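Colleague: My questions all concern the structure below.
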């Protein structure tokens, strides 16, 4: 079966992250669309999503911003707060098909500022 370019990029990055992942770390997978951004922390050993944060959730309606980078910061802070409650600090950052640039970079830097280690 022939895969398209975006699927090949995603599998290449994700499989590399999974290979180097140690037992004590979880994977943070990120998705962005033209208007929204979402992320989830995944345990690959058990194949479950532990927690997630998105700009589409109901409590995010209070934040009215046209700047997508600001929206990424807000979602990253929310995810970091949820992770601290579950005592998660060490993760691997799975950027998927996206370059480490723009909103993805802002998201990662905000997570680092809020105590996440990757």
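Colleague: What are the residue pairs meeting all of these: first residue in region 83-107, first residue in contact (Cβ under 8 Å) with a residue 24 or more places away in the chain and on the phi > 0 side of the Ramachandran plot, second residue surrounded by 16 or more Cβ atoms within 10 Å (Cβ to Cβ) and part of a strand (DSSP E or B), Cβ atoms under 7 Å, and 6 or more apart or on different chains?
Modeller: 96/29; 96/30
Colleague: So is residue 75 part of a helix (DSSP H, G or I), touching a strand residue (DSSP E or B) at 6+ places or on another chain (Cβ under 6 Å) and either at pLDDT 90 or above or loosely packed, with under 13 Cβ neighbours inside 10 Å (or both) or not?
Modeller: So residue 75 fits the description; yes.
Colleague: Hey, can you tell me all the residues within region 32-55 that are outside any strand (DSSP E or B) and surrounded by 13 or more Cβ atoms within 10 Å (Cβ to Cβ)?
Modeller: Correct list: 36, 44, 55.
Colleague: Can you tell me which residues in region 13-41 are under 20 Å from residue 102 (Cβ atoms) and without any contact (Cβ under 8 Å) to a residue 12 or more places away in the chain?
Modeller: Answer for region 13-41, where residues must be under 20 Å from residue 102 (Cβ atoms) and without any contact (Cβ under 8 Å) to a residue 12 or more places away in the chain: 33, 34.
The values are calculated or read from the model by the stated rules, or taken from the named source; none is laboratory data. All values derive from a computational prediction rather than experimental measurement. Cβ coordinates were reconstructed from backbone atoms using ideal geometry, including for glycine residues, and neighbour counts include every protein chain displayed.
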